[in-house]
Amino acid sequence: MAACEEKYDSALLGILQNEGQVAPFLDAIIGFLYRRTDYFRIMKTDSDKLGFPPGVALKLLVNIFKKYESMSAKNEEMRSVQAPAKTTNSQVASVEKANPAAQNSIAAPQTEARAETQESADERGTDISTQPSTTRSDSTKDDSKPNQGMEMEKVEAASKENPEKNAQENEEEEKEDPEQARLRRELQANPLTYNGADCDTYLWSQSIAEVDIRVKVPKSIVKGKQVKVDIKKKRISVSCQQGASFSELASGELEWEVKAEDSMWTLCPGEFVHINLEKKQERWWERVFIGESGINTRKIDCSRPMTDLDDEAQAKIEEMMFNQRQKQLGLPQSHEVKTHEMLRKAWDAEGSPFKGQPFDPSKFTVDPSGTATFNPGDS
C-alpha cells in the first residue's frame with residue numbers, strides 16, 4: 001500500500017513546489033475534483049448515478065484526514081517514548097565531560113540509585129524502562145505539539161490520583177500474552193481497526209463519538225444496488241446480491257444505540273461496505289454486536305482531538321498555546337497585549353504625561369489579571 005501511495009509523490013511534489021504552500025496545494029487538488037469529477041455533485045434521488053448523497057463527500061475527506069492524523073499521532077508517541085532515554089544519556093555524558101574528577105564520586109550513588117529504582121520496580125512487577133511517562137512532557141516539549149504535552153500532564157495527574165489502579169494496569173500489562181500484545185499493536189497501527197478489531201466478516205474502528213464498520217464483500221460487488229444496508233438505532237444488517245437473491249454478510253444487535261438518522265454507508269467496490277455510525281452516547285465500545293468477544297478498552301487510545309471540544313474550550317486552549325509560545329520567545333502574552341493596546345490609546349491622549357513621546361511598554365508591568373503597574377524608576 002505504501003508503494004502505491006509513494007508512486008504519486010513526484011507528481012504531487014511538483015504541484016507543491018509550484019504552489020509554494022500547503023493551502024494552495026490542497027486548493028488545487030480539491031479544485032481538480034470539482035472541475036473533473038462528480039465529487040461535489042449531490043444525489044437528489046435514488047436513481048441518480050452521479051455524485052454522492054448529502055454529506056457523504058465531506059465524510060470521505062474527514063475519514064481520510066482522521067486516518068493520517070491517527071498515524072501521525074502514533075508516530076509522535078513512539079518518538080516521545082524514545083526521547084527521554086536519549087536526553088538522560090546526553091545529560092550524564094555532559095556532566096562527566098565537564099567534571100571528570102567528580103565522576104568516581106558520582107558513580108557509586110548513581111549505581112545505588114539505579115539498584116533501588118529497579119528493586120522498587122520489581123516489587124511492582126514492572127520494568128522501569130517501560131515507564132518514561134513521568135518525564136515525557138518535560139523532556140520532549142515541542143512548541144509545535146503543545147496538545148500532546150497537555151495530554152501527558154492529564155495522564156500523569158490521573159496516575160497520581162489513582163495509584164492503585166495504575167499499578168493494577170501495569171500488572172495486567174506485564175501478564176499480557178506477548179502474542180496478544182503484538183496483535184493489539186498491529187490493530188492499533190491499522191486505521192481500519194484503530195481502537196477496534198478485525199472480525200471474521202468485518203473490521204471496525206472507533207472514536208469517542210463514532211464507529212466505523214467495514215463489512216467485507218465479494219469482488220463481484222461493484223455497484224450500490226447490489227448491496228442492502230439497514231441501519232436502526234440498535235441494529236444493523238448488511239447483505240449483498242448473490243444471483244437472484246440477497247445473502248446476508250453481517251447483522252446483529254448493536255452493543256449501544258446509535259443515531260440512525262445521522263449514520264451513513266458507502267461501497268468501496270469489490271472490497272467492503274463502509275458504515276459510519278454516530279454514537280448516541282459518547283463512550284468506548286468493547287464490541288460492535290452483542291454476544292461477540294470484546295476488546296480491552298483500557299488498552300486503546302482514549303485521547304480526544306482538540307476539534308472535538310466546544311468553541312469556548314478550543315479558544316481557551318489556543319490562548320494557552322499562544323501564551324506558552326510568547327513566553328518562551330520572551331514576547332508579550334495575550335493579557336499583556338490587550339493591556340498594551342489600551343495603554344497605547346491613552347499614551348498620547350490629552351493630559352497624559354507621555355503625550356508626544358513614542359509608546360514604551362517597558363514603563364509598565366502587567367500581571368496575569370491584566371492590571372498594569374507603572375514603573376517609576378523607568379520614567
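The values are calculated or read from the model by the stated rules, or taken from the named source; none is laboratory data. These numbers come from a predicted model, not from an experiment. These accessible areas exclude ligands, DNA and RNA; they are computed on the full protein's heavy atoms, side chains included. Shrake-Rupley method; radii C 1.70, N 1.55, O 1.52, S 1.80 Å.
List of remarks:
- Here segment 218-262 is described by how far its Cα atoms reach on the three principal axes: 33, 19, 17 Å, from widest to narrowest.
- Cα shape, segment 191-271, gyration tensor, a/c 1.5 rule: prolate
- Relative contact order of segment 8-77: 14 percent, from C-alpha pairs under 8 Å at least 6 residues apart in sequence.
- Using the 1.4 Å probe convention, the accessible area of segment 192-303 works out to 50 Å² per residue with neighbouring protein chains retained.
- Most to least accessible of Glu350, Glu19 (protein chains only, probe 1.4 Å): Glu350, Glu19
- Two-decimal Rg/Rh across segment 8-77, once Rg and the Kirkwood Rh are taken from alpha-carbon atoms: 1.07
- Cα-based shape type of segment 312-374, given that a ≥ b ≥ c are square roots of the gyration tensor eigenvalues and the cut on a/c is 1.5: prolate
- Extension gain, Asn375 to Glu77, is 102.7 nm, computed as 0.36 nm per intervening residue step minus the present C-alpha separation.
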